[in-house]
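The values are calculated or read from the model by the stated rules, or taken from the named source; none is laboratory data. Please read all numbers here as calculations on a predicted model, not as lab measurements. As a convention, Cβ positions derive from the backbone with ideal geometry for all residues, glycine included, and neighbour counts pool all protein chains shown. When the accessible area is computed, the model is the full protein with side chains, heavy atoms only, and any ligands, DNA or RNA have been set aside. Shrake-Rupley method; radii C 1.70, N 1.55, O 1.52, S 1.80 Å.
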Amino acid sequence: MKNNPTINMPKQQGRSTTAIHAGYHADPQTGALATPIYQTSTFVFSSTEEGARRFAGEEAGYIYSRLGNPTVTVLEEKIAALEQAEAGLAFASGMAAVSAVLMALVKTGDHILGTKGLYGCTYGLLNLMKDRFQVDYSLCNMTDEDSIRQMLKPTTRVMYVETPINPTMELVDLQLVAKIAKEVGACVVVDNTFMSPYLQRPIEQGCDIVIHSATKFIGGHGDVIAGVAAGPKAIMDTIRMTSQKDIGGILAPFDAYLLIRGLKTLGVRMDRHCENGQKVAEFLHNHPKVAIVHYPGLPQFPQYELACRQMDGFGGLLAFELKGGLEAGIRMMNNVRLCKRAVSLGDVDSLIQHPASMTHSVIPPEERAKMGISDGLIRLSVGIEDVEDILDDLETALSFA
Ligand code: LCS
């Protein structure tokens with residue numbers, strides 16, 4: 001079966017231009033500028049033979065929306081173009097993307113080497129795959145070469161990386177991981193959610209597959225749950241025709257439309273997230289009640305040089321701890337007014353959350369401690385409001401800490 005027309009994407013334009021224009025094929029009948037929402041489950045064949053040819057993969061064209069949909073294709077082409085990948089795929093959630101990619105790449109007996117800190121549900125998925133399907137995994141500190149090499153096994157098929165790591169903001173050197181993976185024949189999968197393709201493109205750095213929770217910066221407006229993946233066409237085709245098709249976590253056309261719309265402003269939003277993130281990080285760093293701020297854009301950040309080399313900006317995410325620990329953090333969080341107490345990140349709205357009791361609560365406390373997620377750590381996703389208002393809100397909330 002073959003479901004999508006040939007991928008046709010501009011590769012050399014600037015990133016904002018690509019985000020706006022890639023994947024757009026003007027509707028010849030109406031000339032509609034916005035991407036039409038093809039709200040259809042199935043597609044009519046002009047003849048029995050045509051249907052058979054499409055199922056046999058002898059002819060491009062749509063069959064059934066679980067296998068491909070024209071609105072979703074526009075999004076997939078945009079993601080591929082932005083990530084400098086051969087092909088893209090869209091999913092019903094970030095976790096649908098993570099699970100479909102991993103399930104297509106490994107089988108019983110294989111080993112996945114992941115970064116030490118991981119989004120809680122990704123950690124949950126690795127445990128599920130270990131318990132139910134005997135897919136082995138280990139987590140390692142991927143910040144230095146020796147630790148990576150020590151943790152590799154002959155069965156390592158996938159190196160799974162988050163950078164910056166959620167929520168500690170620790171970075172992984174993508175070029176280093178890609179180099180080691182090539183030597184041992186492993187596939188490097190990078191969860192690029194925290195950066196968006198505007199700020200970091202792992203495939204350019206030698207990695208193989210990129211995943212995003214598109215719920216975050218790609219959508220940007222807190223109104224959709226979605227995931228995307230991008231990588232070599234042969235692997236994306238395999239994922240599409242195996243774990244995506246048969247498990248079925250595909251994206252709805254309307255949600256694809258929202259992401260296409262969100263992507264059109266990705267560049268301006270990310271520039272503002274970076275600008276506000278830097279100012280908020282500096283404010284917190286200089287605040288007497290704050291013990292430590294984890295933000296790659298602070299020169300004090302231990303991997304500042306790597307951040308400058310690997311990323312095109314430092315983003316809008318930061319984590320911090322108060323001198324008064326957990327209790328002070330709770331008092332502070334209970335007194336924000338503009339920043340919203342909510343999980344998720346990458347929205348135009350500033351969102352504040354407590355990883356140990358929220359996003360990373362599924363991870364046992366001793367594991368969390370090893371990941372650097374202390375009970376007092378607070379994560380802030382700095383939005384694109386006027387930064388003076390965010391700073392005012394934090395200043396007031398901190399007075400209660
Ligand atoms: N990867 C990362 C790095 C994430 O932060 C998340 C969600 C996912 C994957 C999963 O994406 P989803 O299925 O939710 O689209 N992160 C969340 C967070 O930090 N707060 O709430 C959800």
_Treating the chain as a set of equal point scatterers at the Cα positions, no solvent, please give the Debye-formula log₁₀ I(q)/I(0) at q = 0.06 Å⁻¹._
-0.24
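For the ranges 235-247, 41-53, what's the packing order if you count other beta-carbon atoms within 10 Å of each residue, average per peptide, and put the highest first?
Values: 235-247: 18.6, 41-53: 11.8.
Going by the mean number of other Cβ atoms within 10 Å, highest first, we get 235-247, 41-53.
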*Counting only heavy atoms of protein chains, what accessible area per residue, in Å², does the range 15-263 have with a probe of 1.4 Å?*
38 Å²
_Suppose we keep just the alpha-carbon trace of the range 232-275; what are its Rg and Dmax in angstrom?_
15.1, 43
*asked:* Using each residue's phi in the range 360-375, evaluate 6.51 cos²θ - 1.76 cosθ + 1.60 at θ = phi - 60° and report the 3J(HN,Hα) Karplus result to the nearest Hz, with x for Gly and Pro.
replied: 10, 5, 6, 8, x, x, 5, 5, 4, 4, 4, 7, x, 9, 6, 5
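Using just the helices of the chain, give the 222 nm mean residue ellipticity in deg cm²/dmol: DSSP H runs with n ≥ 4 each add -39,500 (n - 2.57), and the total is spread over all residues, rounded to 500.
Working: 15 runs with 150 residues, N = 401.
One gets -11000 deg cm²/dmol as the mean residue ellipticity at 222 nm.
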*Report in % the part of the accessible area of the range 153-256 that belongs to carbon and sulfur, leaving out ligands and nucleic acids; probe 1.4 Å.*
56 percent
*For residue 200, distant residues with modelled amide H under 5 Å away*: 312
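Could you sort the peptides 175-184, 65-74 by per-residue average Cβ neighbour count (10 Å cutoff), highest mean leading? Show your work: numbers first, answer last.
On the way: 175-184: 17.2, 65-74: 22.4.
Peptide ranking by packing, descending: 65-74, 175-184.
Which net charge results for the neighbourhood of residue 373, defined as the other residues with beta-carbon distances under 12 angstrom from its beta-carbon, given Lys and Arg at +1 and Asp and Glu at -1? It would help to have the intermediate numbers written out before the result.
Numbers: positive: 116, 368, 370, 379; negative: 170, 321, 366, 367, 375.
After counting each charged neighbour, the total is -1.
For the range 71-230, what value does the Rg/Rh ratio take when both radii are computed over Cα atoms and Rh is the Kirkwood radius, given to two decimals?
Working: Rg = 14.7 Å, Rh = 15.6 Å.
Value, to two decimals: 0.94.
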*Packing rank of 196-203, 212-219, where each peptide gets the mean count of other beta carbons within 10 Å, highest leading*: 212-219, 196-203
_Rounded to the nearest percent, how much of the accessible area of the range 266-398 (1.4 Å probe, protein heavy atoms only) is carbon and sulfur?_
53 percent
